[in-house]
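S.K.: Input: one structure, supplied below.
Readers should treat all values here as calculations from the given coordinates under stated rules, not as data from a laboratory. Here the structure is a predicted model, which is why all the values come from computation and not from measurement. Note that each Cβ is placed from the backbone with ideal geometry, even for glycine, and that neighbours are counted across all protein chains shown.
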Amino acid sequence: MTAHIFAAGNGWLIPHDINEVWWASAAFFIVVGLIWWKGGPAIKAGWNGRIERIEGELASAEQARTEAEAELGRVRSQISDADSARERILADARATAENLERQLVERAHTEAAEAKARAEADLASARHQVLGDLSDEIGALALGAAEAVVASNLDETTQQGLIDAYINQVGSAR
């Protein structure tokens, strides 16, 4: 049976002439050898170049990842710095607000005390003015009453003495 397979002619494994198979096989191996000899280094260089390019991209990606992590750390640090600055600013604002509130309360108390003192001074001044006006009015009334009672002309010094005595008497009664 094996003889029939390699036999020249129409066998099912080698359908044509055996010389044709030998020459085709030789041509095939020569072409593969030439491709291997001349194209192999180019294919190997391309393959190695691709490997180097991928390795370079991986190294670049690793460097970018490292830089991104460093940037992330820096950003997180800035965020924590911003948080602490925010807390410090809020604490300063609260302290300033409390200080301002205390100053406003003190100023309000001071102004109220000053207003009360002014009101008391105005009241004392008004009382003094009223008493002065009352003394003048009583003096005028006393003079009229004394003139009517005495019915005689008194000299001016006697009149002034009577007025002053009456004012003193009215002033001491209060």
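S.K.: Can you divide the C-alpha Rg of the range 94-134 by 2.2 N^0.38 Å and report the result to two decimal places?
M.R.: 1.93
S.K.: Can you work out ³J(HN,Hα) from phi for every residue in the range 29-38, in order, using Karplus 6.51 cos²θ - 1.76 cosθ + 1.60 and θ = phi - 60°, giving whole Hz and x for Gly and Pro?
M.R.: Ordered by residue, 3J(HN,Hα) equals 5, 5, 5, 5, x, 5, 4, 5, 6, 8 Hz.
S.K.: Modelling each spin label as a point 7 Å along the Cα-to-Cβ direction, I'd like the Arg74/Ala91 distance in nm, to one decimal.
M.R.: 2.8 nm
S.K.: Okay, moving on. Spin-label point model (7 Å from Cα, Cβ direction): what's the His16 to Arg118 distance in nm?
M.R.: 12.8 nm
S.K.: A further question follows. Sort the following peptides by mean Cβ neighbour count (other Cβ atoms within 10 Å, averaged over residues), highest first: 135-141, 92-98.
M.R.: 135-141, 92-98
S.K.: Using the Karplus curve 6.51 cos²θ - 1.76 cosθ + 1.60 with θ = phi - 60°, work out ³J(HN,Hα) for each residue of the range 74-80 in order, rounded to whole Hz, and write x for Gly and Pro.
M.R.: With coefficients 6.51, -1.76 and 1.60, one gets 5, 5, 4, 4, 5, 5, 5 Hz.
S.K.: With θ set to phi - 60° and the Karplus curve 6.51 cos²θ - 1.76 cosθ + 1.60, what are the ³J(HN,Hα) couplings of the range 94-101 in order, to the nearest whole Hz, using x for Gly and Pro?
M.R.: Values, residue by residue: 5, 4, 5, 5, 5, 5, 5, 4 Hz.
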